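Below is one structure, written out as structure tokens, with a few remarks after it.
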Amino acid sequence: MSNPSPVLDVWCELQCPDCREALDDLRALRARYGDRLELRLRHFPLDKHRHSFAAAQAAEEAAEQGQGWAYVEAVLGRVEELSRKGEPFLVEVARELGLDAEEFDTALIDGRHILIVDADQAEGKAIGVTGTPTYVIGGERLDGGKSQEGLRARIEEIVDGLLVAQGG
């Protein structure tokens, strides 16, 4: 029985320019570790971004339709459009990715993913997340909201340590 992969929780919100900057780091981590590192998107919508709560729900719907990260990257890559267009943009991106856009529309209306988003936000607050992106790995919290500088190297250091400890 192999050990579970180390988990990197990425506290993020989809209307956050800093989170967009973090995409390159996340791609690099995925390229480097593949399945040996589990990247877990955690929602932390900020009040100052009025579409971020809807975007978090949309990301959950995308995950349910099997395209979670692809959707997150697509939306984050165009945060200005999200700021300008709001919820219709979230459905538009779903359509572009070949997802069931009607289902997205319905999910945003019926609020089926609100509990997940609320639970993430509550957990984030409980562990001291104040902004996005914030990373948590191996019990260490790294705040990327101020600067991404050196964060990827630190994450790699922790992951490498965890993998060695597992005999990976």
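The values are calculated or read from the model by the stated rules, or taken from the named source; none is laboratory data. From a predicted model like this one, the values you see are computed outputs, not experimental measurements. For neighbour counting, all protein chains shown are included, and Cβ atoms are generated from backbone atoms with ideal geometry for every residue, glycine included.
A few remarks follow.
- Count - residues of the stretch 83-115 that are among the basic types (Lys, Arg) and either in contact with a strand residue (DSSP E or B) (Cβ under 7 Å, 6 or more places away or on another chain) or over 23 Å from ASP47 (Cα atoms) (or both): 1
- Residue in the stretch 12-26 that is at pLDDT 95 or above, surrounded by 23 or more Cβ atoms within 10 Å (Cβ to Cβ) and more than 23 Å from ILE155 (Cβ to Cβ) present: no
- Extreme residue, farthest from VAL10 (Cα to Cα), among residues of the stretch 72-86 that are of a type in the set (Asp, Glu) and out of contact with any Phe, Trp or Tyr (no Cβ under 9 Å at 6 or more places or on another chain): GLU80
- Yes/no for ARG78 being closer than 23 Å to SER5 by Cβ and among the basic types (Lys, Arg): no
- Number of positions in the stretch 123-168 that are under 15 Å from LEU37 (Cα atoms) and either in contact (Cβ under 8 Å) with a residue 40 or more places away in the chain or in contact with an Asp or Glu (Cβ under 9 Å, 6 or more places away or on another chain) (or both): 15
- Scanning the stretch 60-111 for residues that are basic (Lys, Arg) and within 30 Å of ALA31 (Cβ to Cβ) yields ARG78, ARG95.
Listed here are the residues, each with its yes/no results for (1) touching a helix residue (DSSP H, G or I) at 6+ places or on another chain (Cβ under 7 Å); (2) part of a helix (DSSP H, G or I); (3) without any contact (Cβ under 8 Å) to a residue 40 or more places away in the chain; (4) not basic (Lys, Arg).
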residue: PRO4; (1), (2), (3), (4): no, no, yes, yes
residue: LEU26; (1), (2), (3), (4): no, yes, yes, yes
residue: ARG50; (1), (2), (3), (4): no, no, yes, no
residue: SER83; (1), (2), (3), (4): no, yes, no, yes
residue: PRO88; (1), (2), (3), (4): no, yes, yes, yes
residue: GLU92; (1), (2), (3), (4): no, yes, yes, yes
residue: PHE104; (1), (2), (3), (4): yes, yes, no, yes
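- Residue in the stretch 63-85 that is under 18 Å from GLY131 (Cβ atoms) and either in contact with a Gly (Cβ under 8 Å, 6 or more places away or on another chain) or surrounded by fewer than 21 Cβ atoms within 10 Å (Cβ to Cβ) (or both) present: yes
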